[in-house]
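Scroll down for the structure; my scribbles are underneath it.
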Amino acid sequence: MAQKSKKTNQSKHEKEDVGIKLTVAGKKRVFDINEPKLPEWIQKNALTSGNYPYDKKMPRKEYEETLQDLQIELVKLQSWLLETGERVVALFEGRDAAGKGGTIFTLRQYMNPRTARNVALPKPDETESGQWYFQRYVRHFPTHGEFVTFDRSWYNRAGVEAVMKFATPAQVETFLAEAPTFEKLIVSDGIRFFKIWLDIGQEMQLKRFHERRHSPLKHWKFSKMDEAGITLWDDYGKAADRMIERTHSAMAPWTIVKSNDKRRARLAVIRRVLLSIPYADRNISAIGPEDEKIIGAGPDFLRNASENLI
């Protein structure tokens, strides 16, 4: 009887230990990504996590009406690019599940895909591994009239590669030293260059991971790399802080967008692009003002946001 009781207690203990042990907002938590029901503490805190300034998502009707006005302006922008031969590069970085793919899709949704390309490169092959690090990205740069987005970019080296030890500390340091010079050349050549970091709170990331894991349509988006990264929240945060601190410059600034609400984030990104390029027939009133609660520039904005000073 004693053995049975001991076995029962052991099974109960093992069941309680299922999941990933985390510290979230100063509290110790256990998160089981395979449990179909999302924990209440995530559901309750996801939107406002990371000191996000809104406690409700933007209403769908307001979002769709505003988005339509902005997408009309994007079509006008593309026509101007084709007429003038101007070139645009916009790279998107951020934590996993920050909304990079959806933002890029919304940005390009009604642009002509023949001259508005998205680049999402797989890991380098053997040949690319032996090249100058920036080489495989440069070959995808725009020609006259093109608008090119990068869904992740050369900044993989300072983020995923650094945290997961796919690159050595020396390689990461070399990258951080070279990136500002590389980007100065991009801007000096006349390319309009945007670096966008989408930032989310920890509970929101967990919520989106959980949605992916249990969605029959999106489960392919949740990878072993994502699962491993759940426990590396602080490491990724330190890597991002270092990256933005070292590579933010007047010529190639980092635009930071707090992205817990995907709707607001997408509008903020599109507005920043439209307000930064003086294309013909630009309708400033249709574009509207920026929401300074969720969009800013460089390490100061990111730091102040995390300290709840804005």
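The values are calculated or read from the model by the stated rules, or taken from the named source; none is laboratory data. Predicted model, so just to flag it, every value in this text is computed and none were measured. Cβ coordinates were reconstructed from backbone atoms using ideal geometry, including for glycine residues, and neighbour counts include every protein chain displayed. Just so you know, the surface numbers come from the protein's heavy atoms only, side chains and all, with ligands and any DNA or RNA stripped out. Shrake-Rupley method; radii C 1.70, N 1.55, O 1.52, S 1.80 Å.
For the range 202-310, the helices (runs of 4 or more DSSP H) that sit wholly inside it and include 2 or more residues that are under 16 Å from the mean Cα position of the chain (by Cα) are 202-213, 224-229, 233-247, 262-276, 298-306. Using the structure shown, decide if V148 is over 19 Å from D241 (Cβ atoms), hydrophobic (A, V, I, L, M, F, W, C) and either at pLDDT below 95 or in contact with a Pro (Cβ under 7 Å, 6 or more places away or on another chain) (or both). Taking the combined requirement at face value, the residue satisfies it.
Only one residue in I287, I244 is open to solvent by less than 10 Å² (accessible area, probe 1.4 Å), under 13 Å from W197 (Cα atoms) and hydrophobic (A, V, I, L, M, F, W, C), so which one is that? Spell out how you get there, then give the answer.
Details: I287 fails: under 13 Å from W197 (Cα atoms).
Just a single option satisfies the conditions, and that option is I244.
Yes or no, residue by residue, for (1) within 29 Å of I295 (Cβ to Cβ); (2) surrounded by 10 or more Cβ atoms within 10 Å (Cβ to Cβ); (3) at pLDDT below 95:
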site: K7; (1), (2), (3): no, yes, yes
site: K15; (1), (2), (3): no, no, yes
site: K21; (1), (2), (3): no, yes, yes
site: G26; (1), (2), (3): yes, no, yes
site: L38; (1), (2), (3): yes, yes, no
site: K44; (1), (2), (3): yes, yes, no
site: T48; (1), (2), (3): yes, yes, no
site: N51; (1), (2), (3): yes, yes, yes
site: K57; (1), (2), (3): yes, yes, no
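Would you check which residues across the range 187-217 are among the charged types (D, E, K, R) and either within 25 Å of A90 (Cα to Cα) or exposed (fewer than 12 other Cβ atoms within 10 Å of the Cβ) (or both) and list them? The answer is D189, R192, K195, D199, R208. For the range 97-115, filtering for residues that are out of contact with any strand residue (DSSP E or B) (no Cβ under 8 Å at 6 or more places or on another chain) and on the phi < 0 side of the Ramachandran plot leaves 8. For P124, the criteria (1) assigned to a helix (DSSP H, G or I); (2) surrounded by fewer than 18 Cβ atoms within 10 Å (Cβ to Cβ) hold in every case but one, which is (1). For the range 77-96, the set of residues classified as open to solvent by less than 60 Å² (accessible area, probe 1.4 Å), more than 30 Å from Q202 (Cβ to Cβ) and of a type in the set (D, E, K, R) consists of E86, R87, listed by residue number. Being farther than 22 Å from S276 by Cβ and modelled with pLDDT of 95 or more: is that true of Y110 here? It is false that Y110 is farther than 22 Å from S276 by Cβ and modelled with pLDDT of 95 or more.
Suppose we filter K165, K195 for residues that are among the charged types (D, E, K, R), over 17 Å from the mean Cα position of the chain (by Cα), over 30 Å from P36 (Cα atoms) and not in a helix (DSSP H, G or I); which single one remains? Give the steps one after another, and end with the answer.
Values: K195 fails: over 17 Å from the mean Cα position of the chain (by Cα).
Answer to the check: K165.
Every listed requirement among (1) closer than 22 Å to F166 by Cα; (2) within 18 Å of the chain's Cα centre (by Cα); (3) assigned to a helix (DSSP H, G or I) is met by T103 save one, (1). Is it true that K123 is over 20 Å from T247 (Cβ atoms) and at pLDDT 95 or above? In short, no.
Return yes or no: is P36 on the phi < 0 side of the Ramachandran plot and free of Cβ contacts under 8 Å to residues at least 24 places away in the same chain? It is false that P36 is on the phi < 0 side of the Ramachandran plot and free of Cβ contacts under 8 Å to residues at least 24 places away in the same chain. The set of residues in the range 150-167 being among the charged types (D, E, K, R) and crowded, with 21+ Cβ neighbours inside 10 Å consists of R157 alone. Residues that are assigned to a helix (DSSP H, G or I) and within 19 Å of the chain's Cα centre (by Cα) were ranked within the range 32-69; the one that is farthest from F209 (Cα to Cα) is N51.
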